[in-house]
Amino acid sequence: MQDQKNNPLHGLTLETIVTRLVEHYGWQELGQLISIRCFQSDPSVKSSLKFLRKTPWAREKVEQLYLATAFSDC
C-alpha cells in the first residue's frame, strides 16, 4: 500500500483518465497529441480502453498526458 502513496494515478481508472482527456481536449486534439488510431479513426471510449489495456506504451503516453494536463492547471 505504501508504494501507492505517492502515485498520483492511484484510485483513477483508465476509463476515468480517457474520459477526462476527451472532455478536456476532444477526440481530434487528443488524436493529434497522441498519435494512435483509436483516437483518430472512429474514436470511442470503449475502443480506446480495449486498445490501451493491451498496449502498455500507448497507455503510458495517455497517463503521462493526463498527469501533465491535471497538474498544469494547479
If you add up the charges near G26, with Lys and Arg at +1 and Asp and Glu at -1, over every other residue whose beta carbon is less than 15 angstrom from its beta carbon, what do you get? -2
Could you list log10 I(q)/I(0) for the chain at q = 0.19 Å⁻¹, which the Debye formula gives when each Cα is one point scatterer? -0.76
From the helices alone, meaning DSSP H stretches of at least four residues, give me the mean residue ellipticity at 222 nm for the chain, per-run term -39500 (n - 2.57), in deg cm²/dmol to the nearest 500. -21500 deg cm²/dmol
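Read-outs: derived from the displayed coordinates by stated rules, not from any lab. Only a predicted model underlies this, so the values are computations on that prediction, with no experimental measurement involved. Quick reminder, even Gly has a Cβ in these numbers, built from the backbone with ideal geometry, and neighbours come from all protein chains shown.
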